[in-house]
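One structure is given below, encoded as structure tokens.
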Amino acid sequence: MLRLRLLALFAALAVLGAGLPAAPAAVAATGSGACASHLVPATRFADTIQSGLRDAVDCAAWWGLVNGRTATRFDPAANVSRGQTSAMLARLLRNTGNAPDQVPSADFPDTRGHVFEEDIDLLASLRIVEGGTDGRFRPEDAVTRAQMASFIARTFQFGFDSPLAPGPVPFTDVSPRDVHRDNIGRLVAADIAQGTSPTTYEPKNPVRREQMAAFVTRSADVLLTRDLVTRPTRRPTANDAYHSRWRGAWVHLFDPTLKSAAGIRRMVDELAAADANVVIAQMVRRHDAYYTSSVLPRTPDPGIAPDFDALAELIRVAHARGIEVHAWFPIAPTWHPAYANLPAPPGWVYTQHGRNAPVADRWVTRSHDGTWTDYLDPGVPAVRNHVGDVVGEFARNYDVDGIHLDYVRYDGREFGYNPRALTAYRNDTGATGTPVPNDPEWTRWRRDQTRRLVNAARNAIRATGKDITLSAAVISWGEGPATPDRQGFARTAPYTTTLQDWDGWARDGALDAVIPMNYFRQHRSPDGTWFDQWIAYERGLAAATDVRVSPGPAGYLNRPANVHRQVTRAMRVDGAVLYSYQQPTEDGSRGIWTELARSRWHYAPTR
């Protein structure tokens, strides 16, 4: 019976609820309120993508209360009529068993023969609706914000025998003589309605369909707190247009966020409220572990307690909020100035195999002119073994949802000249001498070495028998592919300069997911054009393969409005992963997370 009452109420309120300027943050947050976002299936409405109330529209549809004009059009800005309102409220009463068997005619001259005549008569008999001073009902007129307050307040009072408490009315544009004033105060006090400013309510303004959905979701919250309703049991399917797309952020180790239980909880709480479903958390900074490891030495970072396992704590907290955890492992870099005044941990890659180790022990790469760097050389066989060991330990010892590789590449075509790599190259190909950087066979071989790093990680996961997503942050520098295919990709910087054939990794299934680092300043030419070119290519790759392609916009390079723009385009592929959690916008403002939640990250119904 409660389920019927709920559906009926929201059917009524769906038409009623069109007066809110914005949906509440509590409704948008994952795991909370009547619209727990991770439970709400996506609608197919293409015209709500840019709506700030998209989450409310989807939620109202989840409750079975609203329909679109068509399967793909909701018409969010259209007004709600008095007749439609009556129909919804009448369904509420009938479905909850609160409608009388015999209903007298309200005798409104303009509702005789109307499609909603019986519904209007029913509500009039219960004093939920009434006509004007001239005796007419005007069923085609738009419902005003003031009228809506009375409809909802009376629904609580007469439909659920659960009146809303009175509250103050701080709005100067609501007259003390307004017949709806008391009900406006009740809705404001219950957080179902709010003003259009601290001092205005705009009571005569009509209610739009998208606003209606916000009224519905806020009313649902009140009913849930009173234990009068329960949420629907229907859940998103695997191919749901919203839930199948990643909404996440990279979280790095260059600030305190991941270094304490309190920092992790604050981060997870904020991402959960932002309706994120994945966090890519750096657990290795420069081949030192921020978790319990027998492969890597414990980090000397003084910002983390010696016995604190950041990965275990993150998994515990994030999984409780329905957020996936992907452990982020940057492969190539071995050094950062942050370590300059710290003691070197025993067995550290930088001291054992870096540029200052004996040449025979070095894993780092060297340029064609003989200059050693601090980046590991993918062509050194020991590097592959090391990657497999690190990834295997993550997979065996932790309940991670994914393992995320970074820096699976060369820093340029002039690198790769570690003597051990050259020996491997000569053994594999039969070549002699030292090749020049643009030698075709040498270039192909080095490109194969980055692929072999991916294979080492893949094989390490497979050895555990666990179903863990393997992803990589991949390069998308400069101009995008001229054609959205492999031939177009083969002429881009990732393939020709960093020797990172991530198009091939995706097409043959070496990875489960790729996150292209689409780091472009939208406001600067030609960056905005290049961003769109890469998105076009990435959409084609996602459509042509079974691999998830979730672009990674650079929030830290963009103003909030351009972060919105880039996220919207990324969500038309397989989701968006923002860099970074710590700086989601150029100015460091954090309101972007709330805005993304309200828009449900502007997900696209279809590719």
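Where a number appears in this text, it was derived from the coordinates with a stated rule and is not lab data. Since the model is a prediction, treat every value here as computed from it, not as a measurement. As a convention, Cβ positions derive from the backbone with ideal geometry for all residues, glycine included, and neighbour counts pool all protein chains shown.
Expressed in units of 2.2 N^0.38 Å, where N is the residue count, the Cα radius of gyration of the range 279-387 is 1.19. Taking amide H positions as modeled 1.01 Å from N, with prolines and chain starts lacking one, the residues under 5 Å from Val364 and 5 or more places away or on another chain are Asp377. Computed per residue of the chain from DSSP H runs no shorter than four, each worth -39500 (n - 2.57), the mean residue ellipticity at 222 nm is -11000 deg cm²/dmol. Beta bridges assigned by DSSP with both partners in the chain are antiparallel in approximately 20 percent of cases.
Taking only the C-alpha atoms of the range 542-607, Rg followed by Dmax gives 11.9, 37 Å.
The Rg/Rh ratio for the range 330-484, using Cα coordinates for both the radius of gyration and the Kirkwood hydrodynamic radius, is 0.99. Here Asp369 and Asn427 are evaluated by their C-beta separation; at R0 = 30 Å the FRET efficiency comes out at 0.80. Ordering Trp445, Leu376, Gln582 by the projection of their Cα atoms onto the charge dipole of the chain, which places +1 on the Cβ of Lys and Arg and -1 on the Cβ of Asp and Glu, puts Trp445 at the extreme positive end. Normalised by residue count, the chain yields a Cα convex hull volume of 168 Å³ per residue.
In this structure, Ala165 and Arg521 have a Cβ-Cβ separation that, at R0 = 56 Å, corresponds to a calculated FRET efficiency of about 0.65. The mean of 1/r over all distinct Cα pairs in the range 205-282, once inverted, gives the Kirkwood hydrodynamic radius of 16.0 Å.
Across the range 246-293, Cα-Cα pairs more than 14 Å apart make up 53 percent of the total. On full extension, the segment bounded by Asp399 and Ala544 gains 49.1 nm, given 0.36 nm per residue less the C-alpha separation.
With a ≥ b ≥ c taken as the square roots of the eigenvalues of the C-alpha gyration tensor of the range 58-196, please select rounded if a/c is under 1.5 and otherwise prolate if a/b is larger than b/c or oblate if it is not? Rounded, because the longest to shortest axis ratio a/c is under 1.5.
Taking square-rooted eigenvalues a ≥ b ≥ c of the alpha carbon gyration tensor, is the range 131-188 rounded, prolate or oblate, where a/c under 1.5 means rounded and, failing that, a/b exceeding b/c means prolate?
Since a/c reaches 1.5 but b/c is at least a/b, the shape of the range 131-188 is classed as oblate.
Against the longest alpha carbon principal axis of the chain, how many degrees, from 0 to 90 and to the nearest 10, is the axis of helix 381-397 turned? That works out to roughly 40 degrees.
Extending 7 Å from the Cα toward the beta-carbon at both Asp439 and Ala320 defines two label points whose distance is 5.7 nm.
Quick check for you: which residues of the range 284-327 have the amide N under 14 Å from the point 7 Å beyond the Cα of Ala338 toward its beta carbon? Hits in the range 284-327 for Ala338 at 14 Å: 284-291, 299-305, 310.
Between Ala463 and Phe254, what FRET efficiency follows from the Cβ-Cβ distance if R0 is 45 Å, with the result rounded to 0.05? For Ala463 and Phe254, the calculated efficiency is 0.90. Here the range 399-450 is treated as a Stokes sphere of Kirkwood radius computed over C-alpha pairs; at 37 °C and 0.692 mPa s its diffusion coefficient rounds to 265 µm²/s.
With angles folded into 0 to 90 degrees, how steeply does helix 419-429 sit against the dominant principal axis of the chain? Use alpha carbons for both and round to 10. For helix 419-429, the angle is close to 90 degrees.
Mean shadow of the range 167-256, computed from the convex hull of its alpha carbons, in nm²?
Working: hull surface 43.2 nm².
Convex hull of Cα atoms, orientation-averaged projection: 10.8 nm².
When you work out D = kT/(6 pi eta Rh) for the range 269-318 at 20 °C and 1.002 mPa s, using the Kirkwood radius from C-alpha pairs as Rh and the Stokes-Einstein form, the result is 177 µm²/s.
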